[in-house]
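Down below is the structure, laid out as structure tokens.
Since every read-out is calculated from the coordinates, none of them should be taken as a lab result. Everything quoted here is computed from the prediction, not taken from an experiment. No Cβ is skipped: glycine too gets one built from the backbone with ideal geometry, and neighbour counts run over all protein chains shown.
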Amino acid sequence: MLIYLESLGCARNQVDSETMLAQLRSAGMQTTDDPAQAEAIVVNTCSFIEAAADESIDAILNLARHKKEGRCRRLIVTGCLPERYRQEIVDSLPEVDVFLGTGAYDRVVAAVRGGMAAGACLLPDPDAIDTLRPVSRRPLTAHTAYLKIAEGCSRHCTYCIIPKLRGRQKSRPKETILAEARELIGGGARELTLVAQETTAYGRDQTPPGNLADLLRALAGLDSQVWLRVMYGHPESLGPDVIQALAAHANICPYLDLPIQHASESVLRRMGRRYNEQTLLRIFEDLRAKVPGIALRTTVLVGFPGESEADFAQLKAFIAKVRFDHLGVFAYSDAEDLPSHGLTGHVPAKRAQARVDELMAVQRDISAENLTRYLGRTLEVLVEERQEDDFWMGRSIYQGPEVDGVTFIRPSTQAALAVGAKVRARVVECMDYDLIAEAL
């Protein structure tokens, strides 16, 4: 049987998609990049915010036409969309044969083979997701892979639906993660990016407790040539041992993604976050002092219920003061099943979007100035794609996959460039978010 799988949403979803593909291949099925040729189509969905849910529904409806016009006989929808909307989504999408929630990925083979009744919707308790079982998968890109170290989240941020969709935090055993990392490295991975809902809380739910620093040290010892990168940290669970690990190993990227969401204490309290601007300033000062040259990434949420002009001005001033290397800005997305829905002072969508645009204008100038520190420097760059006009595109240790700027590489007669290779390149030009470098 020929299978097409469409993966939507975040990096954690991508890991789930790769795992399902591995299960399908192990069952003797083959995969295709052309949905028109597929006999079964799987759509792994996201519903974190309204726009993501809309994108998921559009993708399902677009792919459903292959049941009429193509070879497709089974359409399976998995992940967060059925987990969040349940019978409502089942009733609204009769084109779908089977719905699998976030705790039912292990049933994908049976769903594809037709072992379930039409319209079946399997929604096991997300807290029962098995994080103990070893995972075997082939990343969508061989040279760089996401490594999921935990599932779920035990926090209760008022704007976030993840605990409902994924259950409480369940850290994977260190040895299971190491075994998966070895397999990924053996398959050609030159970079492993650690992901979870809260990577810096890794191991705190285990008995005896584990911690991210120990895991990083163990991973760093597997292959000194493989980069390790940490995404999705949390200010409340970032400990000094993790900062020490970032500084102590050359193959752990001097890079940290630490979403703060806001700088105003009143907004943070309404969000369910228990820190303030001064705490954040100390954290970022400490990171820069102990990890020289570190690239700092964060994300913030504007237009949250009750966010005043003064709150927004405080956040804007904070961004200008810290001068992050990479920044994501999002407008609050409301929904009736969020605790924040019941808060007062909802901000009009148009005003929230204007705040997004204003912050990104500030960040564009910050990024352009920050990048000038790389001018004339020689960086190691992981080559990812060949561009037109004989340019290549890649990333340095200071640039995360998919969410940050990139490094465009001009080849030289002495440098043999290929996707997945690491090359030394001298930075010759800076743009707002990207670098241009000449291969040496």
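Could you work out which residue, out of 311, 91, 257, moves most in a Gaussian network model of the chain, that is, has the largest mean-square fluctuation with Cα springs under 10 Å?
Per the Cα network of the chain with a 10 Å cutoff, 91 tops the list.
Highest GNM mean-square fluctuation, the chain, Cα pairs closer than 10 Å: which of 196, 213, 36?
36
Segment 2-124: D in µm²/s via Stokes-Einstein (Kirkwood Rh, Cα pairs, 4 °C, 1.567 mPa s)? List each step's numbers first, then the result.
Values: Rh = 13.9 Å.
Diffusion coefficient, whole number: 93 µm²/s.
If one puts a single equal scatterer on every Cα of segment 279-337 and applies the Debye formula without solvent, what log₁₀ I(q)/I(0) results at q = 0.14, 0.21 Å⁻¹?
After summing over all Cα pairs, the log10 values are -0.49, -0.89.
Step through the residues of segment 108-121 one at a time and calculate ³J(HN,Hα) from phi using the Karplus curve (6.51 cos²θ - 1.76 cosθ + 1.60, θ = phi - 60°), rounding each to whole Hz and writing x for Gly and Pro.
Here the 3J(HN,Hα) series is 5, 5, 4, 5, 5, 6, x, x, 10, 5, 4, x, 4, 9 Hz.
Test of understanding: ordering 148, 67 by Cβ neighbours within 10 Å, fewest first, what list do you get?
67, 148
What residue among 416, 320, 179 has the largest mean-square fluctuation in a Gaussian network model of the chain, using Cα springs under 10 Å?
Result: 416 has the largest fluctuation of those listed.
Explain nothing, just the number: relative contact order of the chain, from Cα pairs under 8 Å at least 6 residues apart, as a whole percent.
9
With the contact rule set at Cα under 8 Å and sequence spacing of 6 or more, what percent relative contact order holds for segment 375-439?
Numbers: 146 pairs, mean separation 24.3, N = 65.
Taking the mean separation of contacting Cα pairs over the length of segment 375-439, I get 37 percent.
Output the lone cysteines of the chain: those with no second cysteine's C-beta under 4.7 Å from their C-beta.
Within the chain, the cysteines lacking a partner Cβ under 4.7 Å are 10, 46, 72, 80, 121, 153, 253, 430.
Could you name the lysines in cross-link range of residue 170, using Cα to Cα under 18 Å and dropping any fewer than eight places away on the same chain?
148
Given the rule -39500 (n - 2.57) for each run of at least 4 DSSP H residues, summed and divided by the residues of the chain, what is its mean residue ellipticity at 222 nm, to the nearest 500 deg cm²/dmol?
That comes out to -10000 deg cm²/dmol.
Rounded to two decimals, what is Rg over Rh for segment 20-80 when you use alpha-carbon atoms and the Kirkwood radius? Could the numbers behind the result be given before it?
Details: Rg = 12.4 Å, Rh = 12.3 Å.
With Rh from the inverse mean 1/r over Cα pairs, Rg/Rh is 1.00.
In which sequence would 122, 8 go, from the one with the fewest C-beta neighbours within 10 Å to the one with the most?
The order, fewest Cβ neighbours first, is 122, 8.
Where a ≥ b ≥ c are the square roots of the eigenvalues of the C-alpha gyration tensor, would you call segment 67-133 rounded, which needs a/c under 1.5, or, failing that, prolate if a/b is larger than b/c, or oblate?
Cα axes put segment 67-133 in the oblate bin.
Give the distance, in whole Å, between the Cα centre of segment 24-91 and the Cα centre of segment 241-256.
One Cα centre to the other: 39 Å.
Just the projected area, averaged over all directions, of the convex hull on the alpha carbon atoms of segment 81-222: how many nm²?
Mean orientational projected area (segment 81-222, Cα hull): 10.0 nm².
Find, to one decimal place in angstroms, the Kirkwood hydrodynamic radius of segment 256-371, where the mean of 1/r is taken over every pair of different Cα atoms and then inverted.
Over segment 256-371, the inverse of the mean reciprocal pair distance is 14.7 Å.
Rg and Dmax of segment 375-439 over Cα atoms: what are they, in angstrom?
Considering segment 375-439 through its Cα atoms, Rg and Dmax are 10.4, 31 Å.
Using the Kirkwood radius over Cα pairs, work out the Stokes-Einstein diffusion coefficient for segment 144-371 at 4 °C and 1.567 mPa s, in µm²/s as a whole number.
70
Hey, what did segment 144-371 get for relative contact order, percent, Cα under 8 Å, at least 6 apart?
On the way: 396 pairs, mean separation 37.7, N = 228.
Normalised by residue count, the contact order of segment 144-371 is 17 percent.
Name the residues whose placed amide hydrogens come within less than 5 Å of the amide hydrogen of residue 328, ignoring near sequence neighbours (fewer than 5 apart) on the same chain.
The answer is 298, 299, 300.
Report the percentage of all Cα-Cα pairs in the chain whose separation exceeds 34 Å, rounded to a whole percent.
Percentage above 34 Å: 36.
Give me 271, 116 ranked fewest to most by other Cβ atoms within 10 Å of their Cβ, as a rough exposure proxy.
Result, fewest neighbours first: 116, 271.
If the cut-off is a Cα-Cα distance under 28 Å, which lysines reach residue 350, setting aside same-chain residues fewer than 8 apart in sequence?
In chain and number order, the partners are 316, 321.
Could I get the Rg over Rh figure for segment 193-264? Both from C-alpha atoms, Rh via Kirkwood, rounded to two places.
0.97
First measure r as the distance between the Cβ atoms of residue 403 and residue 323, then evaluate 1/(1 + (r/R0)^6) with R0 = 25 Å and state the FRET efficiency to the nearest 0.05.
Efficiency at R0 = 25 Å is approximately 0.90.
On full extension of the chain, what length is gained from residue 357 through residue 241, given 0.36 nm per residue of separation minus the C-alpha to C-alpha distance?
Stretched out fully, the residue 357 to residue 241 stretch lengthens by 38.1 nm.
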